[in-house]
Every structure is written in structure tokens, then in C-alpha cells.
Amino acid sequence: MDLTYTEEEEAFRAKLREWLGQVLPTLPPKPDPNDWPGRRTYDMGWQRRLYEAGYAGLHWPVDAGGQGATPTQHLIFLEETERAGAPYVGANFVGLLHAGPTIAAEGTAQQKQQWLPPILRGDEVWCQGFSEPDAGSDLAALRTKAVRDGDEYVITGFKIWTSHAEVADWCELLVRTEPSAPKHRGISWLAMPMDAPGVTIRPLRTLAGSTEFAEMFLDEVRVPVANRVGEENDGWRVTMVTLSFERGTAFVGEVVACRRTLTALAGEARKNGRWDDPALRRKLALLSAEFAALWRLTQWNVSESEATGGVPGIGGSVFKLRYSHARQELYDTAAEVLGAGALDLDHEWVLDRLSSLSYTIAAGTSQIQQNIIAERILGLPKGR
Amino acid sequence: MHFQLTDDQRALQQGMRELLAGRFDRDALRAAVERPGTLDRALWRELGEAGFFALRLPEDDGGVGLGAPEAVLLFEEAGRALLPGPLIATHLAAGVVKGAADGSVVVTQADGPLIEWYEAADAVAGEEITDGATVPVRSVDPLTPLHRLHEPAAAGDPLVGLFTAAEQLGSAARTTEMAVQYAGEREQFGAAIGSFQAVKHLCAQMLARTELARAAVYAAAVTGDLADIASAKLLADEAAVRCARDCLQVHGGMGFTWEADVHLHLKRAWVRKERWVSQGALTELLAELLVEVG
Ligand SMILES: Cc1cc2nc3c(=O)[nH]c(=O)nc-3n(C[C@H](O)[C@H](O)[C@H](O)COP(=O)(O)OP(=O)(O)OC[C@H]3O[C@@H](n4cnc5c(N)ncnc54)[C@H](O)[C@@H]3O)c2cc1C
């Protein structure tokens with residue numbers, strides 16, 4: 001067990017820090033959360049800078065246009081960019097963390113060539129069209145159907161909760177290609193251009209007030225068969241190969257940020273006198289222990305995936321379950337620190353508190369996470 | 001960075017698990033429960049021979065020359081097996097109190113208001129305890145005799161906290177296994193109770209608690225940092241106590257019996273939770289550090 005970084009890793013960190021120090025002051029001001037074109041431009045501008053500096057797709061394999069960095073280097077990257085206050089992946093989330101890795105793992109050489117470089121350069125935004133009104137936790141129950149017509153699929157259906165749909169160029173879409181097969185075996189994975197005729201987007205407002213996701217109506221949308229990644233009806237497996245990526249490192253930067261927020265909360269409490277409440281001090285201390293441990297668990301998971309060649313172990317689900325809960329506790333505690341200030345939407349922590357409410361739902365609810373741990377890790381029998 | 005067990009560490013862990021499976025199996029555990037206050041001296045010497053007490057002594061001093069991370073792995077195994085005795089005090093006394101290193105003497109140490117195994121021990125490390133300074137306590141844990149001190153001793157070495165956390169981790173991992181095993185076997189309503197979500201989710205939370213505590217305990221062993229040890233102790237205490245409670249719940253009425261081992265884990269976890277620094281003082285310490293950093 002070794003928690004020290006090698007000379008090479010430290011050199012990587014130093015170079016990155018230096019670059020961040022130069023580039024961050026040159027960034028334009030952050031756009032308004034409701035200005036979607038502005039957000040897209042901002043997020044993609046950051047991706048472009050990463051690309052030009054050789055940090056795009058850091059941990060992607062070299063044949064996918066990545067840098068082939070080790071998981072530890074990737075961890076350092078996420079840690080340092082967060083520390084320095086660099087922008088998040090934002091609109092690039094699906095491209096960089098799910099659709100891209102899926103194409104890299106399962107796509108043909110031609111598909112990789114077509115789709116990966118624009119993701120890495122920050123030219124194209126992807127969204128994820130998986131969930132449907134009647135297929136959420138039970139994703140495999142999805143009904144959006146794709147019927148083969150020559151070398152095209154004709155797609156009709158209804159997707160929901162599609163984040164970033166308004167500004168996306170492509171959608172990784174799960175469709176049913178074989179209605180009579182068992183539900184997991186009749187699904188295919190397609191790349192759908194968002195400007196195809198028949199795609200209608202209706203933004204949905206979240207409880208935080210902004211439109212983070214949308215409904216997506218698909219009315220006889222034609223997508224070339226060549227846009228299918230993996231075999232026909234093998235889309236479930238294709239998707240699952242990389243779904244664990246989402247749970248692996250997607251929140252690393254946020255853990256670093258949460259630890260900083262805790263310190264800021266303590267500072268604020270000292271200023272406004274709430275620090276004198278021992279119950280509050282105790283809550284903050286327990287959160288501090290929790291987030292410190294989540295950071296160690298991240299290091300453990302990263303080291304494990306380095307040893308096993310990228311297969312995420314049990315740590316991913318455990319991390320997601322505890323982190324999403326801890327994040328909500330953190331912002332509930334922030335509200336205690338703020339007192340009446342917790343009702344003021346102009347306070348950053350209040351918006352963060354609202355958005356933290358989605359953490360136990362998105363990317364697999366906490367209940368589903370517990371089912372996964374119980375059945376796949378602990379081997380308990382499947383229930384009804 | 002490579003935050004995973006090395007092959008040597010894995011082998012050490014495995015070796016300890018095998019030693020205890022052979023020398024302190026369930027029958028031995030239950031026999032010990034029936035003989036409160038007596039320690040198996042032969043086993044103590046065997047632990048000594050296996051290097052349990054001399055693990056961190058330099059090789060030049062006749063020790064094994066390993067560090068806190070390795071010691072943590074051994075204490076984790078001891079916690080899993082519910083091995084009784086003042087293991088940590090004797091381990092810390094190796095090289096200080098003659099005979100501690102090879103397990104020929106049993107050393108205990110006062111810790112706050114309590115002292116474990118006072119009558120069975122051959123020596124007390126640290127400040128001397130005069131007769132009349134202690135009163136026996138009817139200990140909640142049948143495997144940990146306790147005395148109360150009239151004058152509480154100072155909080156011990158942070159290593160007491162670290163190794164206690166490791167024992168708690170081992171116990172949490174074991175009660176999680178016990179719950180999962182029972183949930184897979186016991187049937188009600190025509191199905192294994194482990195197929196019911198309410199039971200599944202208890203088990204999933206047990207694993208999550210245990211694995212998060214593991215990351216914290218192992219990291220604290222590597223860094224030796226006081227804040228890391230404090231965090232690890234808090235999380236491991238919580239994991240051991242909560243997992244024992246959930247394990248009891250999964251076992252139903254059986255869990256409430258003297259016959260089942262669950263109560264032994266719960267009671268020992270309670271004893272260990274009181275060790276080193278109080279929960280209140282630990283949280284105050286971490287809170288203070290938040291302010292200092294900010
Ligand atoms: C902010 C946000 C962004 C999102 N972005 C996207 C996106 O970009 N693309 C996309 O495809 N999807 C997206 N989603 C959708 C997300 O994946 C789903 O919301 C999630 O999978 C849950 O599905 P559901 O909303 O239909 O809830 P349901 O599945 O209806 O769940 C309702 C409740 O029932 C519980 N439940 C359901 N099944 C079980 C079970 N078997 N055992 C125990 N409890 C159960 C759930 O835990 C939950 O508490 C997003 C969601 C959010 C909140």
C-alpha cells in the first residue's frame with residue numbers, strides 16, 4: 001500500500017499546475033445557467049484548450065485518439081483541475097464519459113475516426129437517450145422502436161430526462177430492434193444526429209429552475225445502419241461495458257470540491273456564530289471523515305483498476321451509494337450554517353443544495369445501487 | 001501511487017487468517033466465552049512466535065521489521081475472529097516490556113477510565129497502577145474483563161486508535177459476511193430472505209460501510225496522520241457497531257440468542273468504541289482541523 005506519487009506522477013502534476021496557472025486567467029466569464037448556447041460555447045472552449053495542450057482524452061487509449069495516461073495520472077488531472085477551479089466537463093459529459101468510451105471500446109475503426117476526434121477537440125456535443133417515461137430504473141423495458149428499411153433504421157418513440165439535448169449534435173440512443181426477443185436481447189445502440197428530421201426536443205425545467213434536461217420525441221427518424229455500434233440486438237451489453245465508467249471517476253473532482261466546501265462551511269459558521277453549536281461542529285466533523293474516506297476509496301479504486309487493467313471493482317457502486325448521500329448531507333448542513341440565508345437562491349450553496357437532490361436518482365438510484373451491490377457483489381438471490 | 005495490498009501483505013493477511021482458523025476456531029471462541037477472564041497462554045505464545053507482537057520491532061532487535069500497515073492487517077484478522085486479550089497493549093509493549101515481544105508475558109495498559117484484562121495480565125505498561133486504584137466492572141462483553149480506574153489515565157498513543165479501528169474493520173467485515181450467508185440460507189414465505197429487498201439493502205449498506213472504513217483505516221496506517229487516524233476510528237467504530245446491529249436484525253430471533261455469535265461482535269465493538277479518544281473529542285479534533293485549514 002503506497003500513497004506517495006512517483007517522480008513521474010509528480011512531474012505530470014507540476015506541468016499540469018503550471019499550465020492551469022497560465023490558461024485559467026484567460027478563460028471568458030462563466031455564462032448564465034439558463035444561457036444554453038453560451039454554456040455550450042464555454043464548455044467546448046475549455047475542451048478545445050485541453051485538446052491543444054494535450055490533455056484531451058487523457059486516459060483514453062491511444063488508438064482512440066487519447067493520451068493513454070494511467071488511471072493515476074487521470075486522478076491527478078481531476079484533482080488538480082478541480083483544485084485550480086477549472087471548468088467541469090459540462091456539456092461534454094456524455095461524449096467524454098460515456099458515448100466516447102463506448103465507441104472507443106466497441107466501435108469500428110471507421111466509427112472511431114468519425115466520432116472520437118470531434119469529441120476530443122470540443123467540436124461536437126453528445127447526449128444520452130436511454131431513459132423513457134416507462135423505462136427508468138428498468139431501462140431494458142425501453143420501447144422506442146427502430147425498424148430496418150434498407151440501410152437505414154426508422155425510429156419512433158419517446159425519450160425523457162435527456163441532459164444537454166438542446167445543444168447536442170449527437171445522441172447515443174438505445175432502441176428496440178427485436179420486439180419479440182427477451183427484453184435485454186432486443187436492444188441496439190445507435191448514434192443519432194440531433195438535426196435529423198423527426199427529432200423534437202422539449203426542454204424540462206428542473207426543481208432548480210433551469211432546464212438541464214429535455215423530452216425527446218422521435219417520429220420516423222431515419223438513421224443509417226452504419227451508425228450502429230456493436231451488433232444488432234447486442235446494445236445492452238455494449239452499453240453496460242461502459243456504464244460503470246460513469247460510476248468510476250465521474251465524481252472525483254466533486255469530492256475534492258466537497259472537501260473545500262466543508263472548510264468554507266466551517267469558516268462561515270465561525271463568522272456567523274453557529275460554530276458555537278456543538279451539534280453542528282459534530283456534523284461537520286463527521287462529514288469531514290466521510291469525505292476524507294471517499295477520497296481514499298477513490299485512490300483505492302483507481303489503484304485497483306490500474307492493477308486489473310480498467311475493470312472497475314466493487315468500489316464503484318459503494319462509492320456512488322455513499323457519495324450521493326454524503327453530498328446531500330453536506331448541503332443540508334450548509335443550510336444549517338446559513339440559517340435564513342438558506343432560502344436565498346442567490347447563494348451558491350442553495351443552488352448546490354437543490355441540485356444535490358438529483359444525486360440519489362440520476363445514473364442509477366440509490367435503491368438500484370443497493371440491489372446491484374446485494375446481487376452482483378454479495379451474491380444474494382435475485383428478488384421479484 | 002499504488003493503494004492496494006502488496007503480494008507480501010496479502011500473504012501476511014492470509015497467514016494470520018489461517019493461524020486463527022486453526023488455533024481459534026468457533027469452538028475455541030465459544031469455549032473462551034464459558035471461561036471468562038482466562039487467557040489461552042499457549043495461544044498467546046504462538047502469536048508471539050508468529051511475530052504478532054514483534055511485528056514492528058526492528059529486525060536488529062529481534063523483531064519482524066514491518067510497519068503499521070502490516071500491523072493493521074493482523075489486527076483486522078484478530079477483530080474478525082474476536083480474538084480476546086490485550087493484543088494492542090502487548091503489541092505496543094514489544095521491546096519495552098520484557099517478554100512482550102515473544103508472547104511470554106501478557107501486557108495491558110490503562111486507557112482513559114478503563115483497563116482491560118487487568119487481573120489476567122502479567123504487567124501494566126505506562127503509569128503504575130496501585131492496588132485500590134481500580135474497581136472491577138461487570139463487563140458487558142463476556143470476552144473483555146474490565147476494571148474502572150478512580151483516576152482516568154491519559155489518552156493513549158494514536159496507534160491504539162489505529163489498531164482498534166483495524167479490529168473494528170475486521171469485525172464489520174465478518175458480520176457482513178455472516179448476514180449475507182444467513183440471508184442466503186434462511187427461507188421464509190417460500191424464498192431465501194436475502195431475496196427480499198429490505199434485507200438486501202441492509203446487507204448492501206453493511207458492505208458500503210465496511211469498504212469505506214477499510215479505505216480510511218488502510219490510508220491512516222500508511223500516512224500515520226492524526227486526522228486520518230481520527231477519521232478512520234470514527235468510521236470503523238460506526239461500521240463495526242452498525243454492521244453488528246444489522247447482522248442481528250437479519251438473523252431475527254436467532255440474532256437475539258446467546259448461542260449466535262452476533263452479540264459477541266456487537267459487545268466487543270462497543271468496548272472498542274470506548275478506546276483511545278472519546279467520540280466527542282474525536283469530532284472536536286476534526287472540526288478544529290477544518291477551521292485551521294480554512
Ligand atoms: C438530473 C438528471 C439527469 C439525467 N440525465 C439523463 C440522461 O442524460 N439520459 C438518460 O437517458 N437519462 C437521464 N436521467 C434519468 C435517470 O437515469 C433516471 O431518472 C433514473 O434511472 C431513474 O428512473 P426513473 O426516473 O424512471 O425512476 P423510477 O425507476 O420510476 O424509480 C422511482 C422510484 O422507485 C424506485 N425503484 C424503481 N425500481 C426499483 C427496484 N427494482 N427496487 C427498488 N426500488 C426501485 C427508485 O429507486 C425510485 O426511488 C437523468 C436523471 C436526472 C435526475
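Answer yes or no as to whether residue B:258 is away from chain A (no Cβ under 14 Å) and not in a helix (DSSP H, G or I).
On the way: away from chain A (no Cβ under 14 Å): yes; not in a helix (DSSP H, G or I): yes.
Yes.
Answer yes or no: is there a residue in the stretch A:125-142 that is touching a residue at least 12 places away in the same chain (Cβ under 8 Å), surrounded by fewer than 22 Cβ atoms within 10 Å (Cβ to Cβ) and more than 13 Å from the ligand (Cβ to nearest atom). So far as the stretch A:125-142 goes, no, none of its residues is touching a residue at least 12 places away in the same chain (Cβ under 8 Å), surrounded by fewer than 22 Cβ atoms within 10 Å (Cβ to Cβ) and more than 13 Å from the ligand (Cβ to nearest atom).
Just the residues that are within 11 Å of the ligand (Cβ to nearest atom) and basic (Lys, Arg), please, taken from the stretch A:343-384. Answer for the stretch A:343-384, where residues must be within 11 Å of the ligand (Cβ to nearest atom) and basic (Lys, Arg): A:382, A:384. Among residues of the stretch B:141-169 that are on the phi > 0 side of the Ramachandran plot, none has a beta-carbon under 7 Å from a residue that is among the β-branched types (Val, Ile, Thr) at least six positions away or on a different chain.
When A:288, A:303, A:317 are screened for being more than 7 Å from chain B (Cβ to nearest Cβ), touching a helix residue (DSSP H, G or I) at 6+ places or on another chain (Cβ under 9 Å), on the phi < 0 side of the Ramachandran plot and crowded, with 19+ Cβ neighbours inside 10 Å, only A:317 passes.
How many residues are within 14 Å of chain B (Cβ to nearest Cβ), in a helix (DSSP H, G or I) and free of Cβ contacts under 8 Å to residues at least 40 places away in the same chain if we restrict to the stretch A:346-375?
Selection size over the stretch A:346-375: 3.
Quickly run through the stretch B:119-140 and pick out the residues that are within 17 Å of residue B:268 (Cα to Cα), free of Cβ contacts under 8 Å to residues at least 60 places away in the same chain and part of a loop (DSSP other than H, G, I, E, B). Walk me through it before giving the result.
Initial filter on the stretch B:119-140 (within 17 Å of residue B:268 (Cα to Cα)): B:137-140.
Filter once more, so that each one left must be free of Cβ contacts under 8 Å to residues at least 60 places away in the same chain: B:137-138.
Matches in the stretch B:119-140: B:138 only.
Reported count of residues in the stretch A:201-218, each being exposed (fewer than 13 other Cβ atoms within 10 Å of the Cβ) and not basic (Lys, Arg), is 2. Can you tell me how many residues in the stretch A:143-189 are near the ligand (Cβ under 10 Å from one of its atoms) and either within 14 Å of chain B (Cβ to nearest Cβ) or β-branched (Val, Ile, Thr) (or both)? Matching residues across the stretch A:143-189 total 2.
Looking at residue B:219, is it modelled with pLDDT of 95 or more, within 17 Å of residue B:241 (Cβ to Cβ) and away from the ligand (no atom under 16 Å from the Cβ)?
No, not satisfied.
Based on this model, can you work out whether residue A:251 counts as among the aromatic types (Phe, Trp, Tyr) and more than 13 Å from the ligand (Cβ to nearest atom)? Yes. Residues in the stretch B:222-242 that are more than 13 Å from the chain's Cα centre (by Cα), small (Gly, Ala, Ser) and more than 10 Å from every other protein chain (Cβ to nearest Cβ): B:224 alone.
Among the residues making up the stretch A:165-192, those that are assigned to a loop (DSSP other than H, G, I, E, B) and either of a type in the set (Lys, Arg) or closer than 18 Å to residue A:136 by Cα (or both) are A:182, A:186. Whenever a residue of the stretch B:226-251 is under 15 Å from residue A:282 (Cβ atoms), its partners that are not in a helix (DSSP H, G or I), lying with C-beta atoms within less than 7 angstrom and at least six residues away or across chains, give the pairs B:233/B:276.
For the stretch B:261-276, check the following and say yes or no: at least one residue is touching a Phe, Trp or Tyr at 6+ places or on another chain (Cβ under 7 Å), more than 9 Å from every other protein chain (Cβ to nearest Cβ) and assigned to a helix (DSSP H, G or I). Walk me through it before giving the result.
So in the stretch B:261-276, the residues touching a Phe, Trp or Tyr at 6+ places or on another chain (Cβ under 7 Å) come out as none.
Checking the stretch B:261-276: not a single residue is touching a Phe, Trp or Tyr at 6+ places or on another chain (Cβ under 7 Å), more than 9 Å from every other protein chain (Cβ to nearest Cβ) and assigned to a helix (DSSP H, G or I).
What is the number of the single condition among (1) away from the ligand (no atom under 14 Å from the Cβ); (2) surrounded by fewer than 19 Cβ atoms within 10 Å (Cβ to Cβ); (3) within 29 Å of residue B:183 (Cα to Cα) that residue A:340 does not meet? Going through the list (1) away from the ligand (no atom under 14 Å from the Cβ); (2) surrounded by fewer than 19 Cβ atoms within 10 Å (Cβ to Cβ); (3) within 29 Å of residue B:183 (Cα to Cα), residue A:340 breaks only (3). So which residues in the stretch A:1-49 are outside any helix (DSSP H, G or I) and aromatic (Phe, Trp, Tyr)? Listed by number, the list holds a single entry, A:5.
Within the stretch B:191-210, track down each residue that is without any contact (Cβ under 8 Å) to a residue 12 or more places away in the chain and facing chain A (nearest Cβ under 8 Å). Quick ask: steps written out before the conclusion?
Of the residues in the stretch B:191-210, the ones without any contact (Cβ under 8 Å) to a residue 12 or more places away in the chain are B:191-192, B:195-198, B:201, B:204, B:208.
Answer for the stretch B:191-210, where residues must be without any contact (Cβ under 8 Å) to a residue 12 or more places away in the chain and facing chain A (nearest Cβ under 8 Å): B:191, B:192, B:195, B:196, B:197, B:201, B:204, B:208.
The values are calculated or read from the model by the stated rules, or taken from the named source; none is laboratory data. Since the model is a prediction, treat every value here as computed from it, not as a measurement. Every residue, glycine among them, receives a Cβ derived from its backbone with ideal geometry; neighbour counts consider all protein chains shown.
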